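Student: Following this message is one structure expressed as structure tokens.
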Amino acid sequence: MISLTSPVETRAHGWPAGAKLGALCVATLLLFRVEEPGWQAAFCAGMLVLYALPGQAFLKTGLGRLWMLWPFVALILLWHVLTRDAEAGLVIVLRMITAVGLANLVTMTTKLSDMMAVVRWLAAPLRRFGVRTRSLELAVALVVRFTPVLAAKGQMLSLAWRARSRRRPGWRIIMPFTVLAIDDAEHVAEALRARGGL
């Protein structure tokens with residue numbers, strides 16, 4: 001599986017994972033408190049500036065990972081234009097892009113092991129009640145790792161469809177995508193069982 005951490009070293013790579021995740025939580029709460037489109041546009045611009053500071057390579061990689069949001073952006077904007085509430089749609093889209101962009105920024109500048117250490121620390125009180133936190137830690141790690149992998153496979157399926165047909169893929173790739181996801185899940189389950197399971 002691919003690494004989510006950016007190979008381009010930035011100052012943020014050295015910051016504690018807990019501080020970055022805490023700042024992400026505060027920033028997300030702030031995004032949902034503000035309803036004005038102007039402020040949302042300013043927050044989105046600020047997020048893009050954070051991507052641009054480490055250089056063009058980092059910016060290009062970050063924007064490439066955000067590109068997968070375009071179907072959701074198009075759908076939300078279209079719906080709100082049809083319902084004659086374009087301003088609300090714009091606020092939702094800007095908020096979504098900024099929130100996902102900031103979360104992606106954290107994953108690009110933080111090792112997965114450091115993020116898991118934070119999850120382990122946060123889940124520590126649950127152990128007193130008999131909760132097996134190792135399963136929770138593994139689930140979080142798998143979600144973080146598999147999200148870009150599945151997104152990339154979805155894009156490959158879409159490209160393969162376009163190479164064979166002039167029609168847009170749309171819902172037609174849902175079934176093969178589901179089969180791919182299940183197949184990957186089975187491979188991971190077999191690997192976990194071979195290593196002793198949880």
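Student: For the chain, what is the accessible area per residue in Å², given a 1.4 Å probe and the full set of protein chains?
Tutor: 67 Å²
Student: So, by mean Cβ neighbours within 10 angstrom, what's the order for 75-82, 42-49 with the highest one leading?
Tutor: The peptides rank, most packed first, as 42-49, 75-82.
Student: Would you list which lysines come within 18 Å of Lys111, measuring only between C-alpha atoms, while excluding same-chain residues fewer than 8 positions from it?
Tutor: Filter leaves Lys20.
Student: Roughly speaking, to the nearest percent, how much of the chain's 1.4 Å accessible area is carbon and sulfur?
Tutor: Carbon and sulfur together cover 69 percent of it.
Student: So what does the Cα-only Debye profile of region 134-198 read at q = 0.14, 0.17, 0.27 Å⁻¹, as log10 I(q)/I(0), no solvent term?
Tutor: -0.52, -0.68, -1.17
Student: Still on this model: Shape verdict for region 35-130, please, from the Cα gyration tensor: rounded (a/c under 1.5), prolate (a/b greater than b/c) or oblate.
Tutor: In terms of gyration-tensor shape, oblate.
Student: Right, next: Out of [x] 19.3, 58; [y] 23.5, 81; [z] 16.5, 52, which label holds the value of Rg and Dmax of the Cα atoms in Å that was computed here?
Tutor: It is the value labelled [x].
Student: Still on this structure, I have one more. From a point 7 Å beyond the Cα of Arg11 in the direction of its Cβ, which residues of region 110-149 have a backbone N at a distance under 18 Å?
Tutor: Output list for this probe position: 110.
The values are calculated or read from the model by the stated rules, or taken from the named source; none is laboratory data. Since the structure is predicted, the reported quantities are computational estimates derived from the model, not experimental observations. Glycine gets a Cβ as well: all are built from the backbone with ideal geometry, and neighbour counts include every protein chain shown. Surface areas here come from the heavy atoms of the whole protein model, side chains and all, with no ligands, DNA or RNA. Shrake-Rupley method; radii C 1.70, N 1.55, O 1.52, S 1.80 Å.
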